[in-house]
Amino acid sequence: MKYTINKKQFKIIGIFAVCVIAIIAGYIFFAQAQFFTDTFTTEDDVAATWRITVATTTGEVKLEEKSCDDAVWFCGAGFNDICGNALGDGDYILVKRTDVGSPTTQQWKTANTACDQPQCGIDGGQTDDLVADNTVNFGVYLARDACKALGGRLPTKTELNCMYTNKATFGNNFVASYYWSSTEYTATNAWRQYFSDGTQYFYNKSGGYFVRCVRGW
């Protein structure tokens, strides 16, 4: 027996087919949208594309595109993941290609006194660091203020040692002298590193030493 489809049945089949196609298309669209949402909100993916900058008001998180001027900073493959970030403004640090300019040396602070909040993470003369927040006024912290003016910060004691270990990679143009770190030793002293033999030692904050800035990455 030959079976034929009448117009009504054909219409029903057509509607069913359209519904199936619409459901499949909707699922694909939803899956793609969900993938995009997950990609954007996943912390690792965000960190790979954006730099999280300082909140300018309470509760505000500000993002800017993660980019780097290779003429100013050591950027790109072979540079971006050499030294780990010890201050939390990224996973790694970028190193500036040159020292801070004239004068060639800077004081850690204009007086041999404790570094307190908001300039340091905690109050007093402990082993603490000058913060990465460039909205802070670093007026009397001359080495740190010089780095702020360049869009960077002072390296921590740990980061500075990594820079010394890899100084050949980072231009090999460091002075065979002391460089300031951002790390406080006591109320009156801060850590420095000798870029001739790698020795780290503390000294009076008002002493003048060389400065090589870094950026969180």
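The values are calculated or read from the model by the stated rules, or taken from the named source; none is laboratory data. Quick caveat: nothing in here was measured; it's all calculated off a predicted structure. Heads up, the Cβs are rebuilt from the backbone with ideal geometry, glycines too, and the neighbour counts pull from every protein chain shown.
What to note about this one:
- R212 being assigned to a loop (DSSP other than H, G, I, E, B), in contact with a strand residue (DSSP E or B) (Cβ under 8 Å, 6 or more places away or on another chain) and basic (K, R): yes
- Meets criteria (of a type in the set (S, T, Y) and either within 18 Å of K157 (Cα to Cα) or part of a strand (DSSP E or B) (or both)) for T127: yes
- Once segment 92-107 is narrowed to residues that are in a loop (DSSP other than H, G, I, E, B) and at pLDDT 95 or above, the residue that is surrounded by the fewest Cβ atoms within 10 Å (Cβ to Cβ) is T98.
- Test for T158: is it of a type in the set (S, T, N, Q) and outside any loop (DSSP other than H, G, I, E, B): yes
- Hey, A86 at pLDDT 95 or above, within 13 Å of the chain's Cα centre (by Cα), small (G, A, S) and part of a loop (DSSP other than H, G, I, E, B) or not: yes
- Pick from segment 124-156, criterion of a type in the set (A, V, I, L, M) and closer than 14 Å to G101 by Cβ, ranking: surrounded by the fewest Cβ atoms within 10 Å (Cβ to Cβ): A149
- Residue check, Y201 out of contact with any Cys (no Cβ under 9 Å at 6 or more places or on another chain), at pLDDT 95 or above and crowded, with 17+ Cβ neighbours inside 10 Å: no
- Evaluating Y203 against the criteria (1) part of a strand (DSSP E or B); (2) in contact (Cβ under 8 Å) with a residue 40 or more places away in the chain; (3) more than 23 Å from the chain's Cα centre (by Cα) leaves one unmet condition, (2).
- Only one of the numbered conditions (1) buried (at least 24 other Cβ atoms within 10 Å of the Cβ); (2) among the basic types (K, R); (3) part of a loop (DSSP other than H, G, I, E, B) is violated by K167, and that is (1).
This table checks each residue for (1) closer than 15 Å to T183 by Cα; (2) under 19 Å from the mean Cα position of the chain (by Cα).
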{"residue": "L94", "(1), (2)": "no, yes"}
{"residue": "V100", "(1), (2)": "no, no"}
{"residue": "P103", "(1), (2)": "no, no"}
{"residue": "N112", "(1), (2)": "yes, no"}
{"residue": "T127", "(1), (2)": "yes, no"}
{"residue": "Y141", "(1), (2)": "yes, no"}
{"residue": "G151", "(1), (2)": "no, yes"}
{"residue": "L160", "(1), (2)": "yes, yes"}
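- Residue pairs meeting the criteria (Cβ under 7 Å; at least 6 apart or on separate chains; first small (G, A, S), in segment 143-166; second not in a loop (DSSP other than H, G, I, E, B)): A143/Q106; A143/Q107; A143/W180; A146/Q106; G151/R215; G152/K96; G152/V214; G152/R215
- The condition of being more than 18 Å from N204 (Cβ to Cβ), out of contact with any Phe, Trp or Tyr (no Cβ under 8 Å at 6 or more places or on another chain) and in contact (Cβ under 8 Å) with a residue 60 or more places away in the chain holds for T98.
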